[in-house]
Every structure is written in C-alpha cells, then in structure tokens.
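Peer 1: My questions will all concern the structure given below.
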Amino acid sequence: RAIPTVSRPYGFAINFYALGGAPAKARRMLAEAVREIPEYATTPGGQRALAEFETRILLAEKKPTEALVRARASQRSSDGTPAACRACIAILMATVFDSLGQADSTAAWLEQYLAVPRAERFDFDSWALASTNKRLGELYDAKGDRARAMQSYQAFVDQWAQADAELQPVVATVRKRLRELQGQEKP
C-alpha cells in the first residue's frame, strides 16, 4: 500500500502467485488490480492483459481448457489489435497447450517464441530460453525427430554448461540423452 497505485507491480504479483501455485492469492491480487486500476477492465490493452493473467490463474487451478479460451483472448485486444508482446503470447500459448498434452501445438508455439527477434524477447530469455530448448528437445525426441531433438538439447546444454551446481544434474541428464541420440552411448 505504500507504493503509489500506478507503480504497483500487480502483473508481476499475479503471475508470481499463479506460477507459484497460489491461484487464490493471484485472484485476490487480480481483483485488487481491477479495483485500483480500472483501465485493466476498460481499455483494449488492459482487457488483453487481464486475459493473460486469468490464463495463468486457470492453469494454476488445473483448468487448461478454460485457460485456452482466455489465452486465445489475450492474443488480441478488444479493438482487434494484436498483442504487442509476441514473446509473451508464444510462451503463454505453449504453456497452455503443454498442459493440455498437445505436443505438436506446444512445439509450434515454442518455435514461434524462438522466432521472435532476440531484441524483443530479451526480458524473457533469462527465464524462458533454457526451458524452451529443453522442452523442444523432449518433444522432438518423443516424436522421433532425432535431428531437431539433438539441436534443441545442444542449445540447452550450451546455455546451462556453467549453471549453478544444483542445476548440473539436469544438464547431465540432458547431456546423457544427447550422447545417446548421437549414438555415442547406449540408452
């Protein structure tokens, strides 16, 4: 409350609670945001942002079908203009389709994320790039697309080669699978 209303990080808090598995807190924060900043409900960009927040909350509530409806609404503002943040939409849609178990759609949206110019996704790469490459590797691996799986796994390993010690078991597992795909090791 000490922070002026216009400077309150409602979006970060809503996403933090939703991604952290506290959808009830996220909903309370969303209600406060709409009450304190009516533009969320009355402007095209605000309505798009609300749809994105609600998508994350629905995912936290284990309601992926409803989340898909809201995620699609977040792709365009109510006035029809596309969302300004292509990286945001790509990650959100990939997450929803992954929760629905739709591997091909998940991979397509993750590829769309990677297709966004790096300058437009610099805020996201720090937390989304490694998981994107790892998940793409898993999806392509499951599909039998060895070449693309190896490419994605290698990108992940390259990015996390110097990761903190507690993350190295993940890197070792992916590195092992990469060697198996390369024929250097038996599964």
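The values are calculated or read from the model by the stated rules, or taken from the named source; none is laboratory data. Quantities reported herein were computed from a predicted structural model and do not represent experimental measurements. Please note: Cβ atoms are built from the backbone with ideal geometry, for glycine as well, and neighbour counts cover all protein chains shown. Each accessible area value is taken on the protein alone, full model and side chains, heavy atoms only, with ligands, DNA and RNA left out. Shrake-Rupley method; radii C 1.70, N 1.55, O 1.52, S 1.80 Å.
Peer 1: Could you give each residue of the stretch 91-105 its phi-based ³J(HN,Hα) in whole Hz, using Karplus coefficients 6.51, -1.76, 1.60 with θ = phi - 60°, and x for Gly or Pro?
Peer 2: Per residue, the Karplus-derived 3J(HN,Hα) values read 5, 4, 5, 4, 4, 5, 5, 5, 5, 8, x, 9, 4, 5, 5 Hz.
Peer 1: Using amide H atoms built 1.01 Å from N in the peptide plane, name the residues 5+ places from ARG76, or on other chains, whose amide H lies under 5 Å from its own.
Peer 2: Amide H to amide H, under 5 Å and 5 or more residues apart or across chains, ARG76 pairs with ALA83.
Peer 1: Listed here are the pairs LYS62/LYS143; LYS25/LYS143; LYS143/LYS176; which of them are more than 30 Å apart at the Cα?
Peer 2: In this structure, LYS25/LYS143 lie more than 30 Å apart at Cα.
Peer 1: Can I ask one more? Note down the nm distance, to one decimal, between modelled labels 7 Å out along Cα→Cβ at ALA84 and at ASP145.
Peer 2: 3.2
Peer 1: Moving on. How far is the Cα center of the stretch 7-53 from the Cα center of the stretch 151-187, in Å?
Peer 2: 37
Peer 1: How far is helix 146-160 tilted, in degrees, relative to the longest principal axis of the Cα atoms in the chain, given as a value from 0 to 90 rounded to the nearest 10?
Peer 2: That helix lies at roughly 70 degrees to the long axis.
Peer 1: May I ask you to compute the full-extension gain from ALA163 to ALA103, defined as 0.36 nm times their residue separation minus their alpha-carbon distance, rounded to one decimal in nm?
Peer 2: Result for the pair: 18.9 nm of gain on full extension.
Peer 1: What does the extension gain come out to for ASP123 and GLU32, with contour length at 0.36 nm per residue minus their alpha carbon separation?
Peer 2: 30.2 nm
Peer 1: For the full complex of protein chains and a 1.4 angstrom probe, list GLU138, GLU32 by accessible area with the highest value first.
Peer 2: From most accessible down to least: GLU138, GLU32.
Peer 1: Ordered by residue, what ³J(HN,Hα) values in Hz, to whole numbers, does the stretch 59-74 give under the Karplus form 6.51 cos²θ - 1.76 cosθ + 1.60, where θ = phi - 60° and Gly and Pro are x?
Peer 2: Coupling constants for the stretch 59-74: 5, 5, 7, 6, 10, x, 5, 5, 4, 4, 4, 5, 4, 4, 5, 7 Hz.
Peer 1: At a probe size of 1.4 Å, how large is the accessible area of LYS176, to the nearest 10 Å²?
Peer 2: Only protein atoms counted, so the area is about 80 Å².
Peer 1: Using the Cα atoms of the chain to build a convex hull, what is its mean projected area in square nanometres?
Peer 2: 12.4
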